[in-house]
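To start, the structure itself, in structure tokens.
The values are calculated or read from the model by the stated rules, or taken from the named source; none is laboratory data. This is a predicted model, so every value here is computed, not measured. Neighbour counts are summed over all protein chains in view; Cβ atoms, including those assigned to glycine, are modelled from backbone coordinates with ideal geometry.
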Amino acid sequence: MYDSKRLFVCAIIVIFCLGLTLFKAHRLQFWSSFTLISPLCGILVMSLLTFAAIANWQRVYVWNSQENFFYIVGLTIVAASLVPIVRHHRVLVYQYFSWISIFLFLSIGSVFWFRAYMQLPESVHTILNPRFINQIQIWLLIPIFYLTIICTRKRYYHYAMQVICALNVTTILATDAQGVATVGVAAILIWAGLEANWRKEIVLLLIQSIIFGVMFKFLLLSPIPEWFLYGEAFTWHTLKTESSGQIVIWLEAFSLTSFWGLGGDSFLCLKESFSQPPNWPQWTQISWGVIPLIAYVALLVYGFYAIIKTRNKVVRVSGLSLMIGLSYSLVSGILDSPISQLLAACSIAMFWASLKPEPKLITHTSYFQHLTIIILSVLCIFFVTNKVKQRVDIYPQIEQASQLKTQLWLGYQCLLSDLPHR
């Protein structure tokens, strides 16, 4: 079950890459999407990918690095391929986000209700995958608030969206997601500060969501259901331990930093006690070096500048939705969860599609451009499917393993049969 989310994302990457490999029309649409990118953004992205490729080829675990790299390239292909789709179905995508929020609440609520009914003791499994739930939720907050504000004329639909906003707060409280709460509130307040016409509506919706979210937490999850069933409330302690060991991981990550990077999977395979750095910039610096890290941070700054400068509400909403997730990655491992990675690709596509009007479809490209995207797609298919095969083949050993370590994107353990190439 742990790998099902990863296999789902891998299947999506393979499907999109197959489409680009087999159909010329998809390749033309793919190249048309790139006409929306500014020269500066293109330079930063190419710098990140180029120096990442250099780090992967010349450093430690060469083969594993390629699998990791082309998985990320595959996610980039998915984001670019989604641009024309989300441009014409933006509201529908936001509606899907609303349904995801409902299911996230139900996944939390079902555990609370089951524990209350069965009077089970608290354990680390009291909440099902709270970290993964929060990593998904961070991408949904701004779009759901936006959809709530623009549907004020549809009264009953507007009421339903207000409830969904409050349920998001309830889920955050139930999972003790302090980081998501802080970043989410800050992003919504920034949005209110930039959006003068909607400032009052945004702030009122935020306050209302917090108030009703707290009420729903007490009424629907705890302690009211327990009082109703047994006349007393159970004790719910925080999910966090006294020390998360973040300082130790930071020091370990710092000891591996180098200018050129060590290649993908290096932190996982070199450190027996840790699976990955605590945040994405550290992973980037360890794996790919200083230049990709600078490019990543520069892309964040460029994105915030575009959000502040624009007067287009759609650009601002889609941009803030993307920036809230990427900014949260500066202090968390949000981008190591597969569904979070997929939502990040979708958010990139939404922002990408909103930057400029729909471009004119390119009717002809050079053979070199066709060959480039075909080769990249085939390499993505090969490396992603090979990684999945390795994961399936190693299941018997994993079931007997005494120590489990999650990789950045697929399964458990450092899947290596050979010594590192140095």
Response to the item:
Of the residues in the stretch 243-259 that are over 23 Å from ILE54 (Cα atoms) and surrounded by 11 or more Cβ atoms within 10 Å (Cβ to Cβ), the one that is modelled with the lowest pLDDT is GLY245
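Considering only residues of the stretch 166-196 that are over 21 Å from the mean Cα position of the chain (by Cα) and without any contact (Cβ under 8 Å) to a residue 60 or more places away in the chain, which is surrounded by the fewest Cβ atoms within 10 Å (Cβ to Cβ)?
Of the stretch 166-196, the ones over 21 Å from the mean Cα position of the chain (by Cα) are 166, 189, 192-196.
Within this subset, residues satisfying the condition of being without any contact (Cβ under 8 Å) to a residue 60 or more places away in the chain are 166, 189, 192-193, 196.
On the way: ALA166: 22, LEU189: 14, ALA192: 19, GLY193: 12, ALA196: 8.
Residue satisfying both the conditions and the ranking: ALA196.
Of a type in the set (Val, Ile, Thr) and at pLDDT 80 or above, is that true of VAL290? Working first, answer last.
Numbers: of a type in the set (Val, Ile, Thr): yes; at pLDDT 80 or above: yes.
Yes.
Does the stretch 105-119 hold any residues that are touching a residue at least 24 places away in the same chain (Cβ under 8 Å) and either of a type outside the set (S, T, N, Q) or not in a helix (DSSP H, G or I) (or both), and which are they? Spell out how you get there, then give the answer.
Within the stretch 105-119, the subset touching a residue at least 24 places away in the same chain (Cβ under 8 Å) is 105, 107-109, 112-113, 115-117, 119.
Listed by number, the residues that qualify are PHE105, ILE108, GLY109, PHE112, TRP113, ARG115, ALA116, TYR117, GLN119.
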Discussion item. Cβ contacts < 7 Å: first residue touching a residue at least 60 places away in the same chain (Cβ under 8 Å), restricted to the stretch 82-104; second residue crowded, with 17+ Cβ neighbours inside 10 Å and not in a helix (DSSP H, G or I), any location; separation 6+ or different chain. Result?
Written reply: SER101/LEU140
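If a residue has to be small (Gly, Ala, Ser) and at pLDDT below 90 to count, how many in the stretch 208-239 make the cut?
Kept after step one, since they are small (Gly, Ala, Ser), are these residues of the stretch 208-239: 209, 213, 222, 231, 233.
Next, from what is left, pick out any that are at pLDDT below 90: 222, 231, 233.
Selection size over the stretch 208-239: 3.
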Practice prompt. Go through the stretch 1-66 and tell me which helices (runs of 4 or more DSSP H), entirely inside it, have 2 or more residues that are touching a His at 6+ places or on another chain (Cβ under 8 Å) and farther than 23 Å from PRO338 by Cα.
Written response: 24-33
Worksheet item: Quick check: is even one residue across the stretch 314-323 at pLDDT 90 or above, charged (D, E, K, R) and assigned to a helix (DSSP H, G or I)?
Response: yes
Fill in: Scope the stretch 153-181; condition closer than 20 Å to GLY325 by Cα and of a type in the set (Val, Ile, Thr); matching residues
ILE164, VAL169, THR170, THR171, ILE172, THR175, VAL180
Item to complete: Please work out if SER327 is more than 19 Å from TYR94 (Cβ to Cβ) and in a helix (DSSP H, G or I).
Response: yes
Worksheet entry | Of all residues in the stretch 96-111 being surrounded by fewer than 17 Cβ atoms within 10 Å (Cβ to Cβ) and not hydrophobic (A, V, I, L, M, F, W, C), the one that is nearest to ALA52 (Cα to Cα) | TYR96
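In this structure, is TYR302 within 17 Å of the chain's Cα centre (by Cα) and outside any loop (DSSP other than H, G, I, E, B)?
Details: within 17 Å of the chain's Cα centre (by Cα): no; outside any loop (DSSP other than H, G, I, E, B): yes.
Judged against the criteria, TYR302 is not a match.
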Practice prompt. For the stretch 199-219, enumerate the residues that are of a type in the set (S, T, N, Q) and under 26 Å from the mean Cα position of the chain (by Cα).
Written response: SER209
Practice prompt. Hey, could you check the stretch 1-39 for residues that are at pLDDT 90 or above, under 20 Å from ILE348 (Cα atoms) and aliphatic (A, V, I, L, M) and say which is surrounded by the most Cβ atoms within 10 Å (Cβ to Cβ)?
Written response: ILE13
Discussion item. Of the residues ILE102, ILE108, only one is β-branched (Val, Ile, Thr) and modelled with pLDDT under 90; which?
Written reply: ILE108
